[in-house]
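The numbers here are math on the coordinates, done by the rules we state, and not lab data. Since the structure is predicted, the reported quantities are computational estimates derived from the model, not experimental observations. Glycine also receives a Cβ, built like all others from the backbone with ideal geometry; neighbour counts cover every protein chain displayed.
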Amino acid sequence: MTPLQERRTARLRLRRVVDTDRIPFSAMSADPEVMRFFPSTLAAAEADALLMRLEQHWQREGFGFWAVDDDDGFVGLVGLLRVGFDAPFVRAAASPPVEVGWRLARHAWGRGYAVEAAREAVAVAFDVLGVDEVVSFTAQDNARSRRVMARLGMVHDVAGDFDHPRLPDGHPLQRHMLYRLPRTSSPSV
C-alpha cells in the first residue's frame with residue numbers, strides 16, 4: 001500500500017477498506033445508537049453500497065475514508081471526502097470542500113479514537129493533499145461529534161449552518177452545524 005492508503009497513529013492503523021470489513025461495518029451501521037444522527041440504520045445491502053461509493057471516491061479522488069483498527073481489529077471508518085451535495089458553503093467554495101468525518105462502533109467510543117484518527121486525516125488533507133481548509137458538519141443535536149470537532153481545533157461557523165439537502169423539510173436531523181479548520185490552525189500530529 002502507498003503511504004496515503006495506510007497510515008498509523010499512536011494506537012491506530014488507518015488502511016483501505018477490504019472485503020472482510022463488510023461484516024463489522026454492516027453490524028455497526030445497523031446499530032441504532034451508532035446511527036442515531038443519520039436518517040436511518042442501514043441494512044447489509046445498503047452498508048455494502050455505501051462501502052462501494054466510498055471506494056469509488058478513492059478511485060476518483062485518490063483519497064477517502066480509511067478502515068480504522070485498534071489492537072483488537074476493526075473499530076470503524078475515518079477519513080476525508082469531497083462534499084458531494086449542494087449547500088451554500090459548497091457553492092461559495094472555489095472547489096468542492098474536503099470534509100473530515102468518522103463513524104465508529106459503539107465499543108470504540110470514549111477512547112479518543114475519533115479525534116486521534118481524524119487528526120491524522122486532517123494532517124493528510126493539509127500536508128499531502130494541500131487543501132487550504134477542512135470542514136465537518138453534523139446534525140445540531142449531535143454533541144458527541146461537535147466535541148470531536150472542537151478537539152480538532154475546528155470552529156463552528158454559525159453563518160454557515162444549513163439544512164441538509166438530502167433530508168426532507170421538517171426532518172428532525174435536517175439542520176446541520178458547519179465547522180471549519182483552516183490550514184494555518186491545523187492540529188499537530
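Would you please name the GluC sites (Glu not before Pro) within the stretch 1-46 that are DSSP coil residues with at most 14 other C-beta atoms within 10 Å of their C-beta?
Details: sites: Glu6, Glu33, Glu46; in loops: Glu33.
Within the stretch 1-46, the qualifying GluC sites (Glu not before Pro) (loop, at most 14 other Cβ atoms within 10 Å) are Glu33.
Work out how much length His171 to Thr9 would gain on full extension: take 0.36 nm times their residue separation and subtract the Cα-Cα distance, in nm to one decimal. Mind showing how you got there, number by number?
Working: separation 162, 0.36 × 162 = 58.32 nm, distance 3.73 nm.
Working it through step by step, the gained length comes to 54.6 nm.
Within 12 Å, Cβ to Cβ, of Ala108, how many net charges do the neighbouring residues add up to if Lys/Arg are +1 and Asp/Glu are -1? If you can, show how the numbers build up before the last one.
On the way: positive: Arg11, Arg103, Arg106, Arg111; negative: Asp31, Asp69, Asp70, Asp71, Asp72, Glu116.
Spelling it out: positives minus negatives among the neighbours equals -2.
Could you work out the Rg to Rh ratio of the chain, with Rh taken as the Kirkwood radius (inverse of the mean 1/r over all Cα pairs)?
Details: Rg = 15.6 Å, Rh = 16.8 Å.
Ratio of gyration radius to Kirkwood radius for the chain: 0.93.
In nm, to one decimal, how far is the modelled label at Asp69 from the one at Asp163, with both set 7 Å along Cα→Cβ?
4.5
Count neighbours as other Cβ atoms within 10 Å of each site's Cβ, and list the chymotrypsin sites (Phe, Trp or Tyr not before Pro) in the stretch 1-101 that are DSSP loop with at most 14 such neighbours.
On the way: sites: Phe25, Phe37, Trp58, Phe63, Phe65, Trp66, Phe74, Phe85, Phe89; in loops: Phe37, Phe63, Phe85.
Within the stretch 1-101, the qualifying chymotrypsin sites (Phe, Trp or Tyr not before Pro) (loop, at most 14 other Cβ atoms within 10 Å) are Phe85.
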